[in-house]
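Here is the structure we will look at, set down as structure tokens.
The values are calculated or read from the model by the stated rules, or taken from the named source; none is laboratory data. The structure displayed is predicted, hence computed values, not measured ones. In this analysis, Cβ positions are derived from the backbone assuming ideal geometry, glycine residues included, and neighbour counts consider all displayed protein chains. Just so you know, the surface numbers come from the protein's heavy atoms only, side chains and all, with ligands and any DNA or RNA stripped out. Shrake-Rupley method; radii C 1.70, N 1.55, O 1.52, S 1.80 Å.
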Amino acid sequence: MFELRLMCPEDRVENLSDALDALDALSVSVEDADAQTDAEQALFGEPGMPPPKDGWQRSRVIALFSDRAQADEAAQLLSAQDFFVGCRILGIEVLEDQDWVRLTQSQFAPVEITPEFWIVPTWHEPPEQAKEVIRLDPGLAFGTGTHPTTRMCLRWIARNGGSGRVLDYGCGSGILAIGAAKFGATEVIAVDIDQAAVDSTVLNAEANHVTLVSGLPEAAQGVFDVVLANILATPLKVLAPLLCAHVKAGGHLVLAGILERQADELKAAYAPYCTLSVADTEDGWILMTASV
């Protein structure tokens, strides 16, 4: 396996990626060339905001080829194209043969939520102390239990129970909805703007032997005892009136995807509807809750 590495400005990423696909690259990926520096750019696709760009201001494009001749030919052909102006070849590197499936799996170990509650990939055995387990493998949808925001939400669920009717707004992989079902929710509705997340939630619920309803946001009807939303601060602010309208009197609102420095912004956005407070913190992220 050979890796062709290129540098290009963001307005050339799409052309370059399409050309590499046409040249039979096995895969094409794009990275921020300024990652881990002060010039790093965060690209997010959030509800109510423009879609993310194809690349970063300085994008590193990486293409895999099965043999060196293909990689060399691709580099030569790309260099001769008009759209390659402003781009450059960084080099071609050989990748040693590895068991990529085993390597990927080794990066995902069981995740402790509480001493008795764990997220466990299907290729691992649950720890002996685990009394409640969610089986979940990494996939296209966000939420494998490895991120602090997901862990904090699941800790809240484990400590407070599923509590009647539960809405998981922005369900991703469905992990929070599955957790709520396992901890006693009588009905769980999981919604997302991404159909891939909806499909992932359905499959993950089946794998964990729990019953829930998953769909696009219009599937969320009525009021709920608990409303969970693990998204990001900007869409959470936009969604304040909608999310609060779904919480029944005396119910709980649980929000995550919020940095510690964003606490006051969220409190202000939700002040007309409820009083948010910080319920948990981990690695610079916070969990905010309210009783409506």
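List of remarks:
- Qualifying positions in segment 49-68 - open to solvent by less than 40 Å² (accessible area, probe 1.4 Å) and either among the acidic types (Asp, Glu) or modelled with pLDDT under 85 (or both): Gly55
- In segment 71-96, the residues that are closer than 16 Å to Asp18 by Cβ form Cβ pairs under 9 Å with partners that are in a loop (DSSP other than H, G, I, E, B) and small (Gly, Ala, Ser), at six or more places apart or across chains, as follows: Ala74/Ala25.
- The residue pairs whose first member lies in segment 211-223 and is within 19 Å of Leu253 (Cβ to Cβ), whose second member is aromatic (Phe, Trp, Tyr), and whose beta carbons are closer than 9 Å, counting only pairs six or more residues apart or on different chains, are Pro217/Tyr169; Ala220/Tyr169.
- When Ser173 is tested against (1) within 17 Å of Val120 (Cβ to Cβ); (2) modelled with pLDDT under 95; (3) assigned to a helix (DSSP H, G or I), only condition (3) is not met.
- Annotation: of all residues in segment 162-178 being within 23 Å of Ala249 (Cα to Cα), under 17 Å from the mean Cα position of the chain (by Cα) and not hydrophobic (A, V, I, L, M, F, W, C), the one that is least open to solvent (accessible area, probe 1.4 Å) is Asp168.
- Selected residue (only one of Glu73, Glu14, Glu46 is open to solvent by 60 Å² or more (accessible area, probe 1.4 Å), of a type outside the set (Val, Ile, Thr) and modelled with pLDDT under 90): Glu14
- When residues of segment 102-140 are limited to those that are in a loop (DSSP other than H, G, I, E, B), modelled with pLDDT under 80 and not hydrophobic (A, V, I, L, M, F, W, C), the one most open to solvent (accessible area, probe 1.4 Å): Gln107
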